[in-house]
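Beneath this line is the structure, given in structure tokens, with notes to follow.
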Amino acid sequence: MRAAVVRTFGGPEAVEVVESELPEPGARQVRIKVAGAALNPVDLGVRAGFFGGAGKPVGLGWDVAGTVDAVGVATVWSVGDEVVALHAGVAKTLGTHAEYVVVDTDAVAKAPVTVDAVHAATLPLNALTAVQALDLLELTEGQALLVTGAAGAVGGFAVQLAARQGVSVTGLAREGDEEFVRSLGAAEFTTTVAAGTFDAVLDAAVLGEAVLERVRDGGAYVGVLPGAHPGSVRGVRTTAVAVGADGARLAELVGLVDEGALTLRVAETYALDSVFKAHARLEEGGVRGRLVLVP
């Protein structure tokens, strides 16, 4: 099979599509024939060497939508099942930017029935990050939450999920994104961190200390870069989400997609052989929705 890897770190040109042995699933694993695999900022970080792994091929890609085509023992999945999954990790030999990928069975959920595989591939990483971040904030109905980067992938899911819980959401994004962010369920919209006090902040835009000032004493802050969140002040709990694979939770999110409660956005699609072009496009910025590789 073909797979996208990096063997030397650098810019988009560092991404190679190589021939690799077809991976075989072990116990409690399944192999998925990839129909769509989203490209995320974390992939740019892996490619640039931010997470290490020098001296060996490093696979790219966390999200996958496709069809189970082989199973190991002790799995509930069957060949032919249409699924989505999160293949987490920054130093894996093979990622989801490939024609096939092997994942643990408990990382898998049935694919949405209301969208195609390309759109389904945008769900796992960003929606699980959003919902696990909200879990860390421990918000209750009626509390006030500021979501930075509210028009982005993680931020957009966070706005929808929090509003669904009865939380009063203010979305922070660029001026031109107001209509979209409000359509997700944000009660208020802002383009600046200069005003307002909130029970909590979900900092998808990685603004750090500047936005921490907007949290009330004793409130909570959750970032999206593990280890990069600001220190606690005024009794504010500060942490960052380290997203983990969770098939059961992913199945809940799939259900929300099929209910029409979560919005999936695809900006562009690329063939696997054009993966370096997708990296270059994401690096340019200004992408609304995900770039999806279609092997």
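The values are calculated or read from the model by the stated rules, or taken from the named source; none is laboratory data. In this text the structure is predicted, and so the values were computed from the model without any measurement. Glycine also receives a Cβ, built like all others from the backbone with ideal geometry; neighbour counts cover every protein chain displayed. In case anyone asks, the SASA skips ligands and DNA or RNA and just uses the protein heavy atoms, side chains included. Shrake-Rupley method; radii C 1.70, N 1.55, O 1.52, S 1.80 Å.
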* **Verdict on D199 being within 20 Å of the chain's Cα centre (by Cα) and charged (D, E, K, R)** => no
* Would you check which residues across the range 100-119 are within 10 Å of A245 (Cβ to Cβ) and open to solvent by 30 Å² or more (accessible area, probe 1.4 Å) and list them? => D104, D106
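Every residue, every condition in (1) out of contact with any Asp or Glu (no Cβ under 6 Å at 6 or more places or on another chain); (2) open to solvent by 60 Å² or more (accessible area, probe 1.4 Å); (3) of a type in the set (S, T, N, Q), yes or no:
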position	(1), (2), (3)
P230	no, no, no
A245	yes, no, no
K277	yes, yes, no
V292	yes, no, no
* Go through (1) of a type outside the set (A, V, I, L, M, F, W, C); (2) in a strand (DSSP E or B); (3) buried (at least 21 other Cβ atoms within 10 Å of the Cβ) one by one and return the number of the condition T67 breaks. => (3)
* Spans of strands (runs of 3 or more DSSP E) in the range 126-221 with at least 1 residues at pLDDT 95 or above and within 16 Å of V241 (Cα to Cα) -> 144-148, 198-203
* Got a number for residues in the range 256-295 being under 23 Å from L128 (Cβ atoms) and assigned to a loop (DSSP other than H, G, I, E, B)? -> 10
* Please verify whether the range 132-145 includes one or more residues that are touching a Phe, Trp or Tyr at 6+ places or on another chain (Cβ under 6 Å), under 30 Å from V15 (Cβ atoms) and in contact (Cβ under 8 Å) with a residue 24 or more places away in the chain. => no
* Qualifying residue in the range 234-241 (condition: open to solvent by 20 Å² or more (accessible area, probe 1.4 Å), touching a His at 6+ places or on another chain (Cβ under 8 Å) and farther than 24 Å from H87 by Cα) -> yes
* To do: State all residues of the range 176-216 that are open to solvent by less than 80 Å² (accessible area, probe 1.4 Å) and basic (K, R); if no residue qualifies, say none.
  => R214
* Given the conditions (1) more than 24 Å from G59 (Cβ to Cβ); (2) buried (at least 24 other Cβ atoms within 10 Å of the Cβ); (3) of a type in the set (S, T, Y), and given that T96 satisfies all but one, which numbered condition is not satisfied? -> (1)
* Yes/no for E252 being part of a helix (DSSP H, G or I), open to solvent by 40 Å² or more (accessible area, probe 1.4 Å) and in contact with a helix residue (DSSP H, G or I) (Cβ under 7 Å, 6 or more places away or on another chain) -> no
